[in-house]
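Read-outs: derived from the displayed coordinates by stated rules, not from any lab. Just so you know, these numbers come straight off a predicted model, no measurement behind them. Here the Cβ positions follow ideal geometry from the backbone for every residue, glycine too, while neighbour counts run over all protein chains shown.
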């Protein structure tokens with residue numbers, strides 16, 4: 001599952017988004033706010049020449065940064 005998954009598992013299902021972000025920042029460095037993450041997600045659009053698989057990969061990559 002990886003380091004991020006291990007962190008989430010240790011925090012438990014009732015952990016707040018803020019607590020998760022704080023833990024990720026202490027482990028990985030700065031993390032976008034939940035508002036920024038949502039803004040990036042809603043702003044993403046599939047390009048005319050892009051397959052759905054390509055678009056999905058790009059969205060996943062964008063939100064992993």
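What's the total number of residues in region 2-15 that are under 15 Å from the mean Cα position of the chain (by Cα) and either exposed (fewer than 10 other Cβ atoms within 10 Å of the Cβ) or part of a loop (DSSP other than H, G, I, E, B) (or both)?
Final tally of qualifying residues: 2.
Out of region 39-65, which residues are surrounded by 12 or more Cβ atoms within 10 Å (Cβ to Cβ) and over 18 Å from residue 4 (Cα atoms)?
The first filter runs over region 39-65 and keeps only residues surrounded by 12 or more Cβ atoms within 10 Å (Cβ to Cβ), leaving 39-40, 44, 46, 50, 54-59, 62-63.
Across region 39-65, the qualifying residues are 39, 40, 44, 46, 50, 54, 55, 56, 57, 58, 59.
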